[in-house]
1. Residue under question is Val11, and the condition is that it be free of Cβ contacts under 8 Å to residues at least 12 places away in the same chain and out of contact with any His (no Cβ under 9 Å at 6 or more places or on another chain); does it hold?
2. Name the pairs whose Cβ atoms lie under 8 Å apart, with the first residue in region 21-40 and free of Cβ contacts under 8 Å to residues at least 24 places away in the same chain, the second acidic (Asp, Glu) and surrounded by fewer than 16 Cβ atoms within 10 Å (Cβ to Cβ), and 6 or more positions between them or separate chains?
3. Quick one: would you say Asp29 is under 15 Å from the mean Cα position of the chain (by Cα) and acidic (Asp, Glu)?
4. All but one of (1) touching a Ser or Thr at 6+ places or on another chain (Cβ under 7 Å); (2) at pLDDT 95 or above; (3) not hydroxyl-bearing (Ser, Thr, Tyr) hold for Ala6; state the number of the condition that does not hold.
Amino acid sequence: MIKFLANVCFVGSFCAFALGTLGLFRLPDPYTRLHGVGMGDTLGVGLGGLGLFLLSPSWALRIKLLVILVLFWTINPTMTHLVAKAGLIHGVDPVEGTKLIKG
């Protein structure tokens, strides 16, 4: 049963990465592409880490996986936001019709 749940997590991880990659190629501007890839990566790594957590033999390894997941879930959205903010500062325009909140 645990192996089945881990395999479901791995398939979900693959689907999240695949949808993020599809978003990279299909979305219209750099900001929506960043959003698609950032969400796909965060969900894909989360599901892959959960699958590895379920299959890990020791608690020491599980704690290490949890630390890695917490770091990734903190760093990945933050860096995606910073890259988008740098693009706005340097004048990369979003697609026509996008509302910008000046702040």
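1. So Val11 fits the description; yes.
2. Qualifying pairs under 8 Å: none.
3. Working: under 15 Å from the mean Cα position of the chain (by Cα): no; acidic (Asp, Glu): yes.
When the stated conditions are applied, Asp29 does not pass them.
4. Against the list (1) touching a Ser or Thr at 6+ places or on another chain (Cβ under 7 Å); (2) at pLDDT 95 or above; (3) not hydroxyl-bearing (Ser, Thr, Tyr), Ala6 comes up short only on (1).
The values are calculated or read from the model by the stated rules, or taken from the named source; none is laboratory data. As the structure is a computational prediction, the values presented were derived from the model and not from experiment. With ideal geometry, Cβ positions are generated from the backbone for all residues, glycine too; neighbour counts draw on all protein chains shown.
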